[in-house]
Every structure is written in C-alpha cells, then in structure tokens.
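Asks: This is the structure I have questions about; it appears just below.
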Amino acid sequence: MNVAIIGGTGYVGLTTAVCLASKGNLTYCVGRNKEKIEKIRHGFPTVYEDNMEEILKDALSNGKLKPTTNIEEAVLNSSISYICVGTPSGADGSIDLSQIREVSEKIGLVLEKKKDYHVVAVRSTVVPGTTEELVLPALEKFSKKKAGADFGVCVNPEFLREGQAIKDFLFPKKIGIVVGELNKRSGDTMLRLYKTFDAETMRTTLRTAEMIKYARNSYLAKDISFANEIANICEKCGADFLEVKKGMEMDARIGKGRFLEAGAGFGGSCFPKDVRALVAKAEEVDVEPKLLKATLEVNELQPRKLIELTKQIVGQLKGKKIAVLGLSFKPGTDDMREAPSIKVVNALLDEGAEVSAYDPQALENARKIFGKRISYAKQAEYAVNNADACLIVTEWPEFAEGKLYNVMQQKIVIDGRRALNPLDLASGFVYHAIGFNGPVKT
Ligand code: NAD
C-alpha cells in the first residue's frame with residue numbers, strides 16, 4: 001500500500017515511516033522542516049533509535065521511502081494518512097491539539113481534490129473524543145466531503161517504547177495492534193496494512209481506541225509511582241526494594257515484567273504529559289482522578305530524593321563537583337523531554353554544586369537545556385574523574401561496569417536507578433541508592 005506519514009520527522013512519525021517502508025509500502029515521510037527532511041533524505045535520522053539509521057538507509061536505497069515537505073503529493077498518492085504530530089501539554093496540563101487541528105485541516109484540503117478512497121488514521125495520542133469532535137469535523141469542513149461515505153477515519157494508537165521503537169513497531173506481538181474505526185471499511189483498509197504483522201489485533205470505536213492508549217500509559221506510570229513510594233518506605237525501614245520487588249513478583253497475581261521500577265521517576269514525552277492530559281479530561285467530565293494525581297505527585301518529588309541521598313553522604317553541595325551519568329529520560333534514546341535528569345541537575349545547581357555530565361546520546365539535547373551552566377564530558381570516565389560524588393540518573397548499560405568508577409577521587413556513588421551492583425565496585429566506595437538499605441561501604 002502507499003501511505004503518508006504526517007509528522008515524519010518526529011520519534012513516532014519517523015519510526016512509523018521507516019518501518020512501513022521496510023515492509024514494502026511506498027511511504028511518504030512528511031515533515032514541515034526542510035532541513036530535517038533533507039537530513040532524512042540523506043540517510044540521517046532526526047531522532048536516535050537503535051537500528052534507525054540502517055533501516056532508513058535501506059528504505060531510501062530501495063526507493064520505498066520518500067521524504068518530503070509536500071503534504072499534497074503525499075496524501076494524493078496514498079491510501080492511508082497517519083497523523084503523527086505532537087500533542088504536548090498546554091499551560092494548564094490539558095492537551096494542546098493545535099498541531100492535530102492544523103494537519104487535519106491540511107489533509108482535508110487535499111481530500112477535496114482526491115478521487116480515490118482514503119483513510120485518515122490518528123496515530124498521535126489524543127484524549128477520548130478528539131477524533132470525532134476535532135479531526136473528523138475539520139476533515140469534513142475542508143474537504144467538503146462526508147466522513148464514512150467519502151473517506152475513512154481510524155484511531156491507531158502508537159505503543160512503541162523509545163529506545164526499542166523499531167523492534168516494537170515491527171514485532172508488536174507483546175503490545176498488540178488497536179484500531180478504532182469509524183466504520184468497517186475504514187478498519188478493513190487499515191488492517192490490510194498490518195496483515196503480515198504477527199500480533200493480536202483489536203477493533204473498536206474511535207473513542208475507546210483513544211482511551212486505551214491513556215489507560216495503558218497511566219497504568220504503567222502508576223506502577224512506577226507505586227514502586228517509588230514503596231522504595232521510599234523501604235529505605236527508612238531497613239529493607240531493600242529490589243528484594244521486596246522480587247518477593248512481590250513471586251505472587252502470580254502480580255507476576256514478573258511489571259513496571260515496578262523505583263528510582264528518579266518517570267519522564268519522557270509520554271507518561272507525564274499523558275497522565276496530566278487524562279487528569280484534565282477526567283476533571284472536565286466531572287471525575288476526580290485521585291490515583292492519577294497521586295501518580296504525578298509522587299513522581300514530581302522523586303528526583304529530589306537523589307539530592308537528599310547525596311547530601312546525606314557528601315554534606316552541603318556548595319562548591320562540590322558532582323558527576324551526573326545519564327541525561328536522556330531512559331536508556332537507548334537521546335530524548336530529554338521531561339527527563340528526571342533536568343530536575344536533578346537544576347537542583348544540584350541550586351545547591352551551588354558544579355556539574356559535569358555525561359550521556360552516550362543526549363549531550364546535544366542537553367546543551368540546548370543547560371547551556372554553559374554545566375560541563376559536558378565526552379566519556380563517562382572524564383565526568384567522574386575529579387568528582388566529589390557521582391549520581392547515576394539514567395541506567396545506560398555502561399554505567400553498570402564497576403571499573404568505570406575506579407578513576408574517582410572521592411569514591412561516592414549514588415544510584416538513582418539501581419543500575420550498578422555495589423559488589424562490582426572496588427573496595428573503598430560508599431554506595432547508596434533509592435530504595436536501598438544503605439549506604440554501604442565496599
Ligand atoms: P515529536 O515532537 O518527536 O514529533 C512530532 C513531529 O511532527 C515533529 O517532528 C514536528 O515537526 C512534526 N509536525 C508538526 N506539525 C507538522 C505539520 N503540520 N506537518 C508536518 N509535520 C509536522 O513527537 P513524538 O514523540 O513523535 O510524538 C508524536 C505523538 O505520538 C504524540 O501525540 C505522542 O504523545 C505520541 N506518542 C509518542 C511516543 C514516544 O515514545 N515518543 C509513543 C507513543 C505515542
């Protein structure tokens with residue numbers, strides 16, 4: 001099939017575009033930023049993801065991927081348009097749908113000229129009702145056509161995890177494919193695109209598909225905040241959260257593989273903004289979202305815990321050199337949107353500390369946020385070298401190597417992710433972590 005990916009320069013859009021192209025679909029990757037589209041055209045991804053560069057280069061050399069700023073050409077030559085633009089938080093936490101509105105109007109204008117049947121699929125995360133109340137009316141108004149009769153509409157939420165986006169898209173067995181459909185023809189068209197994917201599929205209404213995405217993200221975010229609350233209690237009671245978690249997972253009703261990850265809290269472009277958007281939507285429809293609010297409150301405080309643990313061992317931070325390892329909101333990505341590292345670094349600077357930071361992929365994005373207020377190390381060793389203490393904020397695998405810390409002058413490691421086993425450190429270190437029965441001396 002031919003498909004158009006609108007918002008193709010972003011994480012979701014580029015992943016969707018290269019993966020659908022790799023499946024043999026002629027894929028138009030539509031962006032509004034000429035520079036970024038040129039970059040993609042030359043085989044350089046605009047976002048970092050494992051395998052992205054290889055799969056992008058293959059798709060370009062096979063002629064299956066067409067990067068363009070021309071939305072009209074893309075929609076006219078496709079059977080399905082995916083809307084993958086951003087849906088950030090507005091000032092009050094509710095969802096900002098301006099990008100969705102803009103592209104819906106633009107697609108509508110093209111649909112007016114289009115003779116063949118076309119399906120518009122909302123891939124962005126939007127609060128329940130958005131497709132029916134905003135996207136569909138905009139498409140009808142600008143195309144002067146009738147949804148359902150003249151063109152189809154679907155909601156096909158994206159469940160990829162940054163850092164594993166390509167794998168999650170191409171092998172969605174564990175996450176499934178959800179298609180909300182305006183009518184049977186819309187859903188049938190959409191599902192033809194996925195017929196070679198090995199995954200359970202679910203067909204439902206547009207609103208239910210929108211809600212499923214929020215329910216999943218909120219559920220996972222709630223698990224993280226739950227783990228953090230238990231870990232904070234563990235620390236004060238002389239229990240180790242990792243052991244507690246292991247014991248919890250023995251119960252089949254809880255099971256393994258849950259999101260019980262205690263640490264500096266969740267960040268990224270999805271969990272915080274999606275939980276906030278659902279809180280705002282719940283309040284709009286007169287539901288008091290107590291659990292969702294508590295999920296956010298616990299998360300807000302968690303990066304601060306790392307500073308408290310550091311002060312507990314180092315004392316006042318004024319004038320101290322602190323190494324921060326890991327800046328992206330999670331390993332495997334360069335994405336720093338709402339990363340806990342931002343709160344950690346800002347808190348360290350407020351305390352008067354000097355910060356030397358390292359991240360394998362996110363340094364470029366970090367510079368845009370912190371500028372000259374901190375120093376940036378090209379290697380983890382350089383960051384920790386003269387530091388009075390080292391804070392692990394993102395669990396990149398390289399930070400689990402005990403020998404990395406041997407160059408430290410002051411041997412203090414505060415682990416915000418339980419990334420490192422203290423037994424792997426040389427002797428003479430002080431190690432502490434969130435949810436840990438510590439500090440311990442190695
Ligand atoms: P992003 O900001 O990385 O990408 C959005 C892209 O849309 C940008 O590159 C922007 O330039 C482009 N864009 C905006 N308006 C445009 C227009 N008029 N024409 C062409 N391009 C336009 O955002 P993202 O992380 O890819 O997220 C996109 C959506 O997917 C959001 O709703 C998000 O909640 C959802 N989502 C994200 C993830 C994730 O892990 N990042 C996972 C699942 C769902």
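Asks: Pulled fully out, how much extra length does the chain show between ARG101 and MET250, if you take 0.36 nm times their separation in residues and subtract their Cα-Cα distance?
Replies: In short, 48.9 nm is gained.
Asks: While we're looking at this one, here's another question. For the chain, build the charge dipole from Cβ charges (+1 Lys, Arg; -1 Asp, Glu) around the Cα centre, then report which of LEU306, SER124, ILE224 sits farthest towards its positive end.
Replies: SER124
Asks: Find the lysine pairs in region 214-301 meeting two conditions, Cα atoms under 14 Å apart and a separation of 8 or more places or different chains, and report how many there are.
Replies: Pairs that pass both the separation and distance tests number 9.
Asks: Where in region 173-193 does the amide nitrogen come within less than 18 Å of the point 7 Å from the Cα of GLU200, taken along Cα to Cβ?
Replies: Those under the cut-off are 173-180.
Asks: Heavy-atom accessible area per residue, the chain, 1.4 Å probe: how many Å²?
Replies: Spelled out: the 1.4 Å probe surface of the chain, per residue, equals 44 Å².
Asks: Another question, then. How many percent of the accessible area of the chain is carbon or sulfur, using a 1.4 Å probe? Mind showing how you got there, number by number?
Replies: Numbers: 10000 of 19550 Å².
Of the solvent-accessible surface of the chain, carbon and sulfur hold 51 percent.
Asks: Calculate the all-directions average of the projected area of region 214-301's alpha-carbon convex hull, and give it in nm².
Replies: The Cα convex hull of region 214-301, projected and averaged over all directions, gives 6.2 nm².
Asks: Something else: Over its Cα atoms, what ratio of radius of gyration to 2.2 N^0.38 Å does region 2-204 give?
Replies: This ratio for region 2-204 stands at 0.95.
Asks: Right, another one. Given GLY7, VAL244, VAL287, which one lies farthest toward the positive end of the charge dipole of the chain, if we put +1 on the Cβ of every Lys and Arg and -1 on the Cβ of every Asp and Glu?
Replies: The one lying farthest along the dipole's positive direction is GLY7.
Asks: Distances longer than 44 Å among the Cα atoms of the chain: what percent of all pairs is that?
Replies: Roughly 17 percent, rounded to a whole number.
Asks: Please work out the ratio of the alpha-carbon Rg of region 318-437 to 2.2 N^0.38 Å and round it to two decimals.
Replies: Rounded to two decimals, the normalised Rg is 0.96.
Asks: Quick one: 3J(HN,Hα) in Hz for region 176-187, Karplus 6.51/-1.76/1.60 with θ = phi - 60°, rounded, Gly and Pro as x.
Replies: With coefficients 6.51, -1.76 and 1.60, one gets x, 10, 10, 10, x, 10, 6, 7, 4, 5, 4, x Hz.
Asks: For region 155-272, compute Rg over Rh where Rg is the Cα radius of gyration and Rh is the Kirkwood radius from the inverse mean 1/r over Cα pairs.
Replies: 1.08
Asks: OK, next. Step through the residues of region 32-40 one at a time and calculate ³J(HN,Hα) from phi using the Karplus curve (6.51 cos²θ - 1.76 cosθ + 1.60, θ = phi - 60°), rounding each to whole Hz and writing x for Gly and Pro.
Replies: Taking θ as phi minus 60°, the curve returns 9, 9, 4, 4, 5, 5, 4, 4, 5 Hz for region 32-40.
Asks: Taking just the alpha carbons, could you work out the radius of gyration and Dmax for region 1-112, both in angstroms?
Replies: Expressed in Å, the Cα Rg and Dmax of region 1-112 come to 13.8, 45.
Asks: Identify, among VAL178, LEU404, GLY255, the residue whose Cα sits farthest towards the positive end of the charge dipole of the chain, taking +1 on the Cβ of Lys and Arg and -1 on the Cβ of Asp and Glu, with the dipole about the Cα centre.
Replies: With unit charges placed on the Cβ atoms, the residue in question is VAL178.
Asks: For region 6-23, just list the computed ³J(HN,Hα) in residue order, Karplus coefficients 6.51, -1.76 and 1.60, θ = phi - 60°, integers in Hz, with x standing in for Gly and Pro.
Replies: Karplus values, whole Hz, x for Gly and Pro: 8, x, x, 8, x, 4, 6, x, 5, 4, 4, 5, 5, 6, 5, 5, 5, 8.
Asks: Students often get this wrong, so check it: of LYS113/LYS141; LYS146/LYS195; LYS106/LYS141, which have C-alpha atoms separated by over 19 Å?
Replies: Distance filter (> 19 Å) returns LYS146/LYS195.
Asks: Is region 337-400 rounded, prolate or oblate when judged by the Cα gyration tensor, a ≥ b ≥ c being the square roots of its eigenvalues, rounded requiring a/c under 1.5 and prolate requiring a/b larger than b/c?
Replies: It comes out rounded by the Cα gyration axes.
Asks: If you wrap a convex hull around the Cα atoms of region 240-398, how much volume per residue is inside, in Å³?
Replies: Numbers: hull volume 22.2 nm³, N = 159.
Once divided by residue count, the hull of region 240-398 is 140 Å³.
The values are calculated or read from the model by the stated rules, or taken from the named source; none is laboratory data. What you see is a predicted model; the values in this text were computed from it and never measured. As a convention, Cβ positions derive from the backbone with ideal geometry for all residues, glycine included, and neighbour counts pool all protein chains shown. Each accessible area value is taken on the protein alone, full model and side chains, heavy atoms only, with ligands, DNA and RNA left out. Shrake-Rupley method; radii C 1.70, N 1.55, O 1.52, S 1.80 Å.
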